[in-house]
Amino acid sequence: MISNLRYLIILVFISSCGIMHNVPLSQKPNSFDKPNISNSFVDQNGNFYPDNWRKTYGSPPSNGKRDAYSLMKIAADKGITDELTGFEVKKLREFKERVKTKKRVFVFVHGFNANNEEVNESYGYIQKLIKVNAKDDEIVRFYWDGLWTSNPFAGAKIWFTATSFSQMAGEFGLRRVLNTISNKDVYIISHSRGASVVLSALAEPHFNEKFVKDIKEIHNVDVENAKELLENKNRITCIMLAPAIGLADFKSQEAGNDSFCTISPQVKKMHITINNTDKMLKKFFGFFADKFNPTDLGYKDNVYNELVKQYTCFDKTDFSGMESHAFNSYIRSPKFKTMLKANGIALAK
């Protein structure tokens, strides 16, 4: 009994080591690259990293804890919240002006437990895969704090923390990006828990009361003051690869667990993948897929079958047979190309 307890304590300690916040490599992470690339990088609460951020905000500790670090927390402690919010307003205004004359906007959203090098490789592949016109199309490379680790014992610990980070990144980060876009064809390609980022931007995510209280007291972020998604006459298509979300993510925060949330009429299509051999989505055993922050939308048909009763925008493509959950594996599948074509996205030759 004592030896088992000792083993458990050691395992918990090991799983807490080497968990990193996903922070920018660049000191100007929210920037524009010629000819048509916009980089958008938010922290765990959806705040945009300012220029030369490390000098003012330092680096987060290597433990992945929720309460240890955030831009707004540090800004509030230093009395520079106006400086941070002023930067965000400025960058969003610049982005709005940049895409004003564009016809299409492509947004890439990665999943959890992914470092910048891996994400950049995936984003770069998609950029080369699709046919874009630099004059008419803008590509947004969206980055959020899904944490990451090379420690095999820490994956589960990352998952439980990253789930709330994804919702905040969507509601306070991606939603503000989308609110600057008007009357355009918007294609959002997400992977894994990136689906939660997308859904949280398009609808109202559900947070428990303790989280709402803690995030306000510790990080100076008021969840209840989040801006709504503006009805800007966009035509939004979501392609969700290996969506690590479940039925609960579509439940209305206001109406309670028995009602489904309202999705903006701007959303014309949610095209998901189903893969009953994806080890991460099945949480290795399968019967855990609908528990512990569900991942079963991308794992099996039953959630999809429930959602199509409520929403007319859903479509699916079966990826079963592929065991990998990796972003790079999904986008390199021939079926991904088929999904792109089915949604009117031409491929580069």
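Computed from the coordinates by the stated procedures, all read-outs in this text should not be read as laboratory data. Computed from a prediction, not measured in an experiment: that's the story for all the values here. A quick note on method: Cβ atoms are made from the backbone with ideal geometry, for glycine too, and the neighbour counts reach across all protein chains shown.
What list of whole percents do you get for P(r) of the range 2-342, with Cα-Cα distances grouped in 20 Å bins up to the one holding the largest distance?
P(r) over the range 2-342, rounded to whole percents: 32, 61, 8, 0.
I'd like the trypsin sites (Lys or Arg not before Pro) in the range 77-118 restricted to DSSP loop residues with at most 14 other Cβ atoms within 10 Å, sorted by number.
Values: sites: Lys78, Lys90, Lys91, Arg93, Lys96, Arg98, Lys100, Lys102, Lys103, Arg104; in loops: Lys100, Lys102, Lys103.
Of the trypsin sites (Lys or Arg not before Pro), the ones in loops of the range 77-118 whose Cβ has at most 14 other Cβ atoms within 10 Å are Lys100, Lys103.
Tell me which residues come under 5 Å, amide H to amide H, from Thr317 once H is placed; ignore anything under 5 positions away on its chain.
HN-HN under 5 Å from Thr317: Ile272, Thr273, Ile274.
Per DSSP helix of 4 or more residues, -39500 (n - 2.57); summed, then divided by the residues of the chain. What does that give at 222 nm, rounded to the nearest 500?
Counting only the DSSP helices, I get -10500 deg cm²/dmol.
Filter the GluC sites (Glu not before Pro) in the range 166-264 down to the DSSP loop ones having no more than 11 other Cβ atoms within 10 Å, then list what survives. Display every interim value, and only then the final one.
Working: sites: Glu171, Glu209, Glu217, Glu224, Glu228, Glu231, Glu254; in loops: Glu228, Glu231, Glu254.
Within the range 166-264, the qualifying GluC sites (Glu not before Pro) (loop, at most 11 other Cβ atoms within 10 Å) are Glu228, Glu231, Glu254.
With both bridge residues required to lie in the range 2-342, what share of the DSSP beta bridges run antiparallel, to the nearest 5%? Numbers along the way, then the final one.
Numbers: 6 of 41 bridges.
Of those bridges, close to 15 percent are antiparallel.
What are the principal axis extents of the Cα atoms in the range 97-207, in Å, biggest first?
So the extents along the principal axes, rounded to whole Å, are 47, 31, 17.
I need the chymotrypsin sites (Phe, Trp or Tyr not before Pro) found in the range 167-219, filtered to DSSP loop residues with at most 10 other beta carbons within 10 Å of theirs.
Sparse-neighbourhood loop chymotrypsin sites (Phe, Trp or Tyr not before Pro): none present.
Leaving out same-chain residues fewer than 8 places away, which aspartates and glutamates sit with a Cα under 18 Å from that of Lys279?
Output for Lys279: Asp290, Asp296, Asp301, Asp318, Glu323.
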